[in-house]
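Reviewing the structure listed below.
The values are calculated or read from the model by the stated rules, or taken from the named source; none is laboratory data. Everything quoted here is computed from the prediction, not taken from an experiment. With ideal geometry, Cβ positions are generated from the backbone for all residues, glycine too; neighbour counts draw on all protein chains shown.
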């Protein structure tokens, strides 16, 4: 990873360890989003066909009232989970720069669509727990949309290092949904915490946690000196 070998904030072994653990976490979170999106898409299609389970919990019941929104959000979520990690894989980007640019032109608009659907769902779907939980969802969606729009503006200006940082911020916010699911279903409730209390906790910590982790990595790997409009050799993509 050239971005690690060029950086002196921490020793290379420390950065490599952080990178390895980070990639393991990222791929697991991407799998959570991918699996969840496929399951909820199938459920929403069944709802449109009139196949609604007789017994259903309030969390899942939200999708029965908004199947089209759910399908739009989840289909974009599948693409988000598959292409997102590939966009940040430096070896793939160096070896296949054209494929990276093509996948980026797919990923970025899909990520924006996913953010817009997330915003509409934050407003229209019922929320549990504290009243400000809905506000947290709205703010997270708006920040995700802003991050990707700003990343697009930066790449158009060939400010690739800053583009990388804002793409990472937008992707990290999206990954907050996966952390939300894991903490809610696999950690807090099995520990005996009630659904409402679990919802309050995961809403408060999930998005700040993933965005904070991305921000730490950005600052650890940020070049110490960077020109405003840095030049990149033809055929070579900026490092992530």
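Number of residues in the range 44-64 that are within 23 Å of residue 196 (Cα to Cα) and in a helix (DSSP H, G or I): the value is 7. The residues of the range 45-61 that are over 22 Å from the mean Cα position of the chain (by Cα) and either surrounded by 18 or more Cβ atoms within 10 Å (Cβ to Cβ) or in contact (Cβ under 8 Å) with a residue 60 or more places away in the chain (or both), listed by number, are 47, 58.
Just to be sure, is residue 196 closer than 27 Å to residue 127 by Cα and either modelled with pLDDT of 95 or more or part of a loop (DSSP other than H, G, I, E, B) (or both)? Criteria not met by residue 196.
Of the residues making up the range 148-161, those that are outside any helix (DSSP H, G or I) and buried (at least 20 other Cβ atoms within 10 Å of the Cβ) number 1.
A quick yes/no check of all residues on (1) surrounded by fewer than 20 Cβ atoms within 10 Å (Cβ to Cβ); (2) assigned to a helix (DSSP H, G or I):
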site	(1), (2)
105	yes, yes
123	yes, yes
129	yes, no
139	yes, yes
142	yes, yes
146	yes, yes
163	no, yes
173	no, yes
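For the range 1-27, the candidate set comprises residues that are at pLDDT 90 or above and loosely packed, with under 13 Cβ neighbours inside 10 Å; within that set, the residue that is nearest to the chain's Cα centre (by Cα) is 27. For first residues located in the range 180-202 and more than 20 Å from residue 28 (Cβ to Cβ), partners that are loosely packed, with under 15 Cβ neighbours inside 10 Å and lie 6+ apart or on another chain with Cβ distances below 8 Å form the pairs 195/59; 200/130. Name the residue that is nearest to residue 140 (Cα to Cα), counting only residues in the range 79-103 that are in a loop (DSSP other than H, G, I, E, B) and touching a residue at least 24 places away in the same chain (Cβ under 8 Å). The extreme case among them is 88. When we screen 76, 37 for residues that are free of Cβ contacts under 8 Å to residues at least 60 places away in the same chain, farther than 28 Å from residue 196 by Cβ, surrounded by 18 or more Cβ atoms within 10 Å (Cβ to Cβ) and in contact with a helix residue (DSSP H, G or I) (Cβ under 6 Å, 6 or more places away or on another chain), the only hit is 76. Return a yes/no flag: does the range 206-218 have any residue that is at pLDDT 90 or above and over 19 Å from residue 178 (Cβ atoms). Yes: one or more hits.
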